[in-house]
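The values are calculated or read from the model by the stated rules, or taken from the named source; none is laboratory data. These numbers come from a predicted model, not from an experiment. Cβ: placed from backbone, ideal geometry, glycine included. Neighbour counts: every protein chain shown.
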Amino acid sequence: MVNDMRLVCLVLLVTVPLRALAQDKPAEKKEAPRLKGSVKQSAPKIDLGLPAFGSIPKGDDVKRVDEKPAQDGPTVTSGQATYAIVSVQHGKGFIRSPTGSKPSAPFPAVTAAGTPLMTEKFSTVVRVKAPDKKSTSIEVAVLDPRGDTVMDASGTLTFKNDETDWTVDWEPTGVRSAGDFQVLVRIGGNPLGTFPLKIEAKKP
């Protein structure tokens, strides 16, 4: 009998704490039932601050740029004035005419003689056209077949009409050899091209 009472007391001691623990345990939350179907979401619009592009123009809208026709002679623009070389002539002497200076005698080439070779005295006339009649500088250089300068002169162009002549009287000058020389002309500091000058060695 005593043993039965002890067993009952032991069962009560174990059962009571288990009930207390069960009461203190929070109740688990039940998940909300899921609804059938789907929710459609759209991405938010973000303004990047980029400019809007217009439509691409068609070929019909593009204006054609007309090319300027090429001029006959070398020209250069210095400031607001335009200059053009009309002619470059060489000779032993020149005479004036209504159309400009002309060689007084046929002059196919400059003669060089001696040892070393020395050119004869001759003249060069450069005719320049300038519709604006604005004065400017002119430089003339004689280049040998190697491209080295053997003669040079400079001055100022002045215009009464739209064309004027500028004359250089060359003194005898030593050259390494005869051959095909070039005359370089600069107007207002700008080169307008080179022009041929033949120098021949005089036969002994």
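For the stretch 129-148, how many residues meet the condition of being in contact with a Leu (Cβ under 8 Å, 6 or more places away or on another chain), over 24 Å from Q80 (Cβ atoms) and among the small types (G, A, S)?
1
Kindly provide the set of residues from the stretch 130-181 that are at positive phi and part of a loop (DSSP other than H, G, I, E, B), ordered by number.
K133, G147
Which of the residues that make up the stretch 113-135 are in contact (Cβ under 8 Å) with a residue 40 or more places away in the chain, surrounded by fewer than 20 Cβ atoms within 10 Å (Cβ to Cβ) and of a type in the set (S, T, N, Q)?
Selection gives S123 alone.
A178 passes all but one of (1) crowded, with 18+ Cβ neighbours inside 10 Å; (2) closer than 26 Å to T82 by Cα; which number fails?
Of (1) crowded, with 18+ Cβ neighbours inside 10 Å; (2) closer than 26 Å to T82 by Cα, only one is false for A178: (2).
Out of the stretch 181-204, which residues are within 17 Å of K92 (Cβ to Cβ) and crowded, with 16+ Cβ neighbours inside 10 Å? Walk me through it before giving the result.
So the first thing to find is which residues in the stretch 181-204 are within 17 Å of K92 (Cβ to Cβ), and the list is 181, 183, 197-200, 202.
Within the stretch 181-204, F181, V183, L197, I199 meet the criteria.
What are the residue pairs meeting all of these: first residue in the stretch 149-173, first residue farther than 14 Å from Y83 by Cβ, second residue of a type in the set (D, E) and modelled with pLDDT of 95 or more, Cβ atoms under 6 Å, and 6 or more apart or on different chains?
Pairs found: V150/D144; S154/E139.
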